[in-house]
1. Just checking, which of B:402, B:366, B:380 is touching a helix residue (DSSP H, G or I) at 6+ places or on another chain (Cβ under 7 Å), at positive phi, buried (at least 24 other Cβ atoms within 10 Å of the Cβ) and not in a helix (DSSP H, G or I)?
2. Taking the options B:610, B:586, B:594, name whichever one is in contact with a helix residue (DSSP H, G or I) (Cβ under 6 Å, 6 or more places away or on another chain) and surrounded by fewer than 23 Cβ atoms within 10 Å (Cβ to Cβ).
3. Specify which of the listed residues (B:601, B:619, B:651, B:640) is surrounded by fewer than 24 Cβ atoms within 10 Å (Cβ to Cβ), in contact (Cβ under 8 Å) with a residue 12 or more places away in the chain and over 44 Å from the mean Cα position of the chain (by Cα).
4. For the condition within 8 Å of chain A (Cβ to nearest Cβ) and under 24 Å from residue B:420 (Cβ atoms), what is the one hit in B:486, B:475?
5. Are any residues in the range B:170-195 out of contact with any strand residue (DSSP E or B) (no Cβ under 8 Å at 6 or more places or on another chain) and over 20 Å from residue B:374 (Cβ atoms), and if so, which ones?
6. Among (1) out of contact with any strand residue (DSSP E or B) (no Cβ under 7 Å at 6 or more places or on another chain); (2) modelled with pLDDT under 95; (3) crowded, with 23+ Cβ neighbours inside 10 Å, there is one condition residue B:226 misses while meeting the rest; what is its number?
7. Considering (1) within 23 Å of residue B:76 (Cβ to Cβ); (2) touching a residue at least 24 places away in the same chain (Cβ under 8 Å); (3) touching a strand residue (DSSP E or B) at 6+ places or on another chain (Cβ under 9 Å), say which one residue B:42 fails and leave the rest.
8. Going through the range B:214-253 one residue at a time, which ones are over 21 Å from residue B:68 (Cβ atoms) and facing chain A (nearest Cβ under 8 Å)?
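The values are calculated or read from the model by the stated rules, or taken from the named source; none is laboratory data. Just so you know, these numbers come straight off a predicted model, no measurement behind them. Note that each Cβ is placed from the backbone with ideal geometry, even for glycine, and that neighbours are counted across all protein chains shown.
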């Protein structure tokens, strides 16, 4: 029976499975592509599928919280940095009302299909309110 | 100040240890490590799948941290069974090699903060070290360095980073004096870290939003600044909540960037928000919140607060306990030892042993790789000048502390190349120039005080623009390649590519050259008692053993070997003398023949001449014999005394150790013994000759005055051993003593052929 951790580390064992969210593959990224200017730093990103794979690996080692974190991260791959910083700021102490957090949660859920992150925000809102 | 009680007490009071601060416990303010009378009692109540009561506090009274822990950090399916176990029984399992790590991780994942502290407090310090050895997540220990300098000179930062990696550090952390320097400091580390044969992840400790930005731009490759506190008020003063920190952790992970959190005993008391709880109880809450947030790891061990727990009883044990709890939470552990913790070298080294001997994922979460004066993190408990000590400790204990001895040439080479690479990148990216003088200085200076001044205003403007224009790690890679630093460019790119894999997001990940990621997934700590877990490979053992200052013992003393014909000539077997006015000088088997100088390098010819002169000055007749049957000083002298007409003899070994012996004494007794050759000079040897003569004449004798140097044995024991070995090799058991013609000793004197003193 093959174990999920047999593929780890992915960069060594199965780099062919690794792509960027912009569609580039592991082997496309080399010094020449940097010099040609065909690559941008935003291409050097992890794909949600890869984060899910790492989440499963973490889970198989009994690390459910780390797996949850990686799955929230997978949802955030497509969320722009400005929005991420906005959500982070909103979660800091005394920055937002429960309603504001709720509306951010709605936005994450509807616009970015980030259901886990949305749930996490709602849990925060509830905790902040009590 | 009261009148001096005694000179000795007064001097003691001025020792380094007495510059440290020590206080008694004050539980009401949280100035206590364990067992504050105000700490809650362990307990849990669960109903309807919800945690209703945590360590005696009902859900309605939960603060944010309680809520977070209750929601994310306690395995409710196991909690009731786990909490029912006796604390001493659980403590015993921690050091029971029959109980595997994973079983304990699951058990501790179901305990409350108060119970975790109670269990850990049942272990003594050695037991905690045993538990840490078993419970750390990754099998291979490693080490992190701090790299900063007061002038924030980029060439020096890169050179220091390169040297740190050459020495084996696998993570580098920098920070800023002026935060606008951040992009350049990050850039310098990025380049320096990839210059030598090794590799390292790099980070820049700055405010959260800037830290995230640097990481997104690929100027840093991990982050460590996510601080957590054990009370809600302290958390708020840090301008965060457990949820905001957890969200930030996910943000980093979404860009494939490694993160660890930070916590540590003493921070809440320092901020005035300890709520009368013990430091360790609050730290247990922190660590549970960190686990709940889904962080792969933490740096703890009191970090910048370290001098506060160390002022209290049990402070150092408490810091070890917090390290241990981090591993019980299954977190990667970077175990502190960073900020200056004591004035006393003894105390600093003793404290270090608690992490160094068991091993942690990163023994230091910031070893000051440059001199303390350039450390912007709070001093650096160990710094660049302690690296040789550290390498010796690894060698002494046969412990892998993550570092390796390196040659001076390798250090200079890698420093220069890193500084040149930064110079080239600055040129290529049209940043303020780095001069050749800066490159040269960065290679060789002691600290930034010796660095040429840079245009600070120009640098800060350029750094601001760099960030505004969104220059990234790719710009750095391109610049390196265009300037001919392809090897560094490829290594930086390979690190950036790791983000695609997320391999280093797993617990306790470290990056090896390749880059190859090892973590608790593919290098899990499998310690189960003797013969298991991490052990030094034979290559690594050899590497640790090969200190640059370690000598080949076969080469020691070579310059003392005979190069040409001697000044002594054997004339036949030595018989018993009858002249009551003769003093025998009995030479060791190699003296003046196979070997030609003493331990200190005094030529044997001169030593012999000094003793002869001394005997003659007293009007007696010197007679010289060679003893072959023994190399022992006492026996040499004793054999000489049997042959001496006066019954008095001087015995001398090649290394210079001397004895005055008398015929009727037991071999190991003597009239005078000079066991420490390094304390003897030519005038001592002359006086020895005189004294021997006086004994023969029956005159009163004042023993030869010698210097006392208590470090002589320490300094010379290796050479003593090797020289004595050479002498012993000349022993011929059944060969009788030989008479020596020493007349050439005088012929040679003053002729220019006298051997010069050799280096000691």
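1. Only one candidate qualifies: B:380.
2. B:610
3. Working: B:601 fails: over 44 Å from the mean Cα position of the chain (by Cα); B:651 fails: surrounded by fewer than 24 Cβ atoms within 10 Å (Cβ to Cβ); B:640 fails: surrounded by fewer than 24 Cβ atoms within 10 Å (Cβ to Cβ).
None of the other options fit; the residue is B:619.
4. B:486
5. Within the range B:170-195, just B:194 meets the criteria.
6. Against the list (1) out of contact with any strand residue (DSSP E or B) (no Cβ under 7 Å at 6 or more places or on another chain); (2) modelled with pLDDT under 95; (3) crowded, with 23+ Cβ neighbours inside 10 Å, residue B:226 comes up short only on (1).
7. Residue B:42 satisfies all of (1) within 23 Å of residue B:76 (Cβ to Cβ); (2) touching a residue at least 24 places away in the same chain (Cβ under 8 Å); (3) touching a strand residue (DSSP E or B) at 6+ places or on another chain (Cβ under 9 Å) except (3).
8. Once the filter is applied, which keeps residues that are over 21 Å from residue B:68 (Cβ atoms) and facing chain A (nearest Cβ under 8 Å), the range B:214-253 yields B:216, B:217, B:218.
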